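Heads up: the structure comes next, in structure tokens.
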Amino acid sequence: QVQLVESGGGLVQPGGSLRLSCAASRSIFSSDAISWYRQAPGKQRELVAALTSWGNPNYVDSVKGRFTMSRDYAKNTVDLQMNRLRPEDTAVYYCNARGLTRTGTGTVPYDYWGQGTQVTVSA
């Protein structure tokens, strides 16, 4: 099991910025996808940003132009820079890593989640 730990959440005013980081107990850069999800109270969990091991990040329309997902190989983290935050961005943000582990006899899928970090944008 890979342990994922999110950090960087907090309380910020509308228009402010936060940078979230996802640290893994071991490298997840080979995962098929590393993603940021969020879940607001009373709402479904939604995919915010996703990054494949081979491509560029994709974003949900509501955060395009405001959020940037990136890898930091030196720190072994996956980060989410959030700018121009809005009250509707308030949620618990989760890091997720999905992919396949190669074994001697085949592959085993994995799907790891962090504990979440709270982002609150006050109005």
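The values are calculated or read from the model by the stated rules, or taken from the named source; none is laboratory data. Computed from a predicted model, the values in this text were never measured in an experiment. As a convention, Cβ positions derive from the backbone with ideal geometry for all residues, glycine included, and neighbour counts pool all protein chains shown. Accessible surface is based on the protein model in full, side chains and every heavy atom, while ligands, DNA and RNA are left aside. Shrake-Rupley method; radii C 1.70, N 1.55, O 1.52, S 1.80 Å.
Some observations on this one:
- Within the stretch 1-13, the set of residues being outside any strand (DSSP E or B) and either open to solvent by 70 Å² or more (accessible area, probe 1.4 Å) or at negative phi (or both) comprises Gln1, Val2, Gln3, Gly9, Gln13.
- Residue among Ser21, Ser70, Ser35, Ser53 that is open to solvent by less than 70 Å² (accessible area, probe 1.4 Å), touching a residue at least 60 places away in the same chain (Cβ under 8 Å) and over 16 Å from Val121 (Cβ atoms): Ser35
- Restricting the stretch 38-50 to residues that are touching a residue at least 40 places away in the same chain (Cβ under 8 Å) and of a type in the set (A, V, I, L, M, F, W, C), the residue that is most open to solvent (accessible area, probe 1.4 Å): Ala40
- Any chance Leu80 is surrounded by 12 or more Cβ atoms within 10 Å (Cβ to Cβ), in contact with a Phe, Trp or Tyr (Cβ under 6 Å, 6 or more places away or on another chain), within 18 Å of Thr117 (Cα to Cα) and free of Cβ contacts under 8 Å to residues at least 40 places away in the same chain: no
- Residues that are over 18 Å from Met69 (Cα atoms) and basic (Lys, Arg), drawn from the stretch 3-42: Arg26
- Look at (1) out of contact with any Cys (no Cβ under 9 Å at 6 or more places or on another chain); (2) modelled with pLDDT of 95 or more and you find that Trp36 fails only one, number (1).
- Looking only at the stretch 83-121, residues that are open to solvent by 30 Å² or more (accessible area, probe 1.4 Å), of a type outside the set (Phe, Trp, Tyr) and in contact (Cβ under 8 Å) with a residue 12 or more places away in the chain come to 13 in all.
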